[in-house]
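K.L.:
First the structure, then my questions, so here it is.
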Amino acid sequence: MKPARSGTALGLLGALVVVATVAAGCGAPEAGTARSASVKSGAGDSASLAPSAKPSPTKPTPSASKTVEAAPSESASPAPSDTGSDAPAPASDGGSLEPIWYPNWSPDSGKGEAQPWLALWPRPMVVGPTGSGDLDGKLVVIDPGHNVGNSTHSSQLNKHYWVGLDKICNTTGTATASGFEEATYTFDVAKRLLARLTDAGATVVLTRDRNTTDTYGPCIQARGLLGGQVKADVEVSIHADGGPSSGRGAFVYTPGRLAGYTNASKATESVRLADRVLAGLSNQGLQGSTYLVPNVSPDTQQGTLNVATTPIAIVETLNMANESDAQIAESKSGRQQVADGLFEGIRNYLLGD
Ligand SMILES: [Zn+2]
């Protein structure tokens with residue numbers, strides 16, 4: 001058993017704090033700038049949601065402002081800053097919109113509990129190494145996209161925040177034709193990936209420890225920032241697309257260059273990560289996207305990627321709207337294939353291969 005990389009609690013299965021990611025037919029993993037995910041109230045049926053147009057962003061309510069403002073001031077150095085001096089926390093230029101994240105959270109402190117909005121967020125989950133191997137000492141953040149409870153928390157989900165652009169907290173994600181939800185898929189793949197990584201010696205932090213209808217989020221800022229908060233080597237956000245039904249396969253969003261958020265180093269390293277991940281998926285017999293080519297797409301419209309200070313990628317692992325890809329998503333063996341492909345890609349990235 002390897003000691004955890006940073007702090008005793010990291011090695012424990014600490015379910016601590018929180019945050020989140022993404023979106024609408026997940027072709028745009030995070031719903032567009034000024035639109036919000038439409039949400040049904042039925043719990044088990046959040047999936048087939050097309051984003052609906054929404055008027056301009058609303059200003060945070062007084063209570064929300066208070067909540068968010070209280071956060072940064074309590075934290076000495078919450079913001080990630082290890083990827084470059086031009087990647088600060090996303091609070092400086094959002095106008096009336098404010099960031100929402102876990103300023104006080106660390107695997108050791110468990111802080112953040114006092115923030116009212118955290119009561120409805122899953123906590124991050126930390127799992128130390130279960131074996132030893134060439135990933136000894138590595139720290140990986142895995143973000144299982146969305147949350148099955150997003151569809152039942154529409155008011156919270158549709159609040160707007162600043163992440164280098166105006167975005168809502170999170171979206172409901174997509175689903176297969178039979179109703180298997182992206183949030184449930186990503187959570188299962190994340191756990192399978194976690195098992196592979198920890199067995200190889202890594203410590204893994206998941207951005208959410210559950211997939212339940214009584215919680216929502218976390219918001220995309222918190223998901224993207226978590227890697228920097230825990231000083232991770234890399235972060236990967238797992239998603240599935242809701243693309244054209246005739247199209248198949250995986251593609252990856254990487255951070256696009258954006259002043260104040262993504263510098264050249266972060267952008268370049270993230271593309272290297274994306275290339276390794278796509279190769280890993282391919283080695284598992286999974287194909288690259290037939291409808292988004294090239295399969296690596298630098299994008300400044302993804303808040304999760306903008307705010308991150310570690311190399312990061314949003315992986316649209318397959319297309320849930322396609323019948324063949326849906327069969328992969330809905331089978332345990334298929335999800336294991338995806339997890340194995342992600343594992344190989346992350347491993348090769350971390351080893352510099
Ligand atoms: Zn998604």
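K.L.:
Run the simple label-point estimate for T268 and T213 please: 7 Å along Cα→C-beta, distance reported in nm.
P.N.:
In this crude spin-label approximation the distance works out to 5.0 nm.
K.L.:
Related question: Holding the Cα-Cα limit at 28 Å, pick out from K138/K266; K167/K332; K167/K266; K138/K167; K266/K332; K138/K159 the pairs that are longer than that.
P.N.:
From the list (K138/K266; K167/K332; K167/K266; K138/K167; K266/K332; K138/K159), the Cα-Cα distance tops 28 Å for K167/K332; K138/K167; K266/K332; K138/K159.
K.L.:
Sorting H160, H153, H239 on the 10 Å Cβ count, fewest up front, what's the list?
P.N.:
Final ranking by Cβ density, sparse to dense: H153, H160, H239.
K.L.:
Roughly what percent of Cα-Cα pairs across region 211-353 reach past 20 Å?
P.N.:
Here the tail beyond 20 Å accounts for 47 percent of pairs.
K.L.:
I need the Kirkwood Rh of region 152-201: take the reciprocal of the average 1/r across all distinct C-alpha pairs and report it in angstrom.
P.N.:
13.3
K.L.:
Let me ask something else. Working out 0.36 nm times the residue gap between D353 and S324, then minus their Cα-Cα distance, what length gain in nm do you get to one decimal?
P.N.:
7.3 nm
Laboratory data are not the source of any read-out in this text; all were calculated from the coordinates shown. All values reported here derive from a predicted model rather than from experimental measurement. Backbone-built Cβ (ideal geometry, glycine too); neighbour counts: all protein chains shown.
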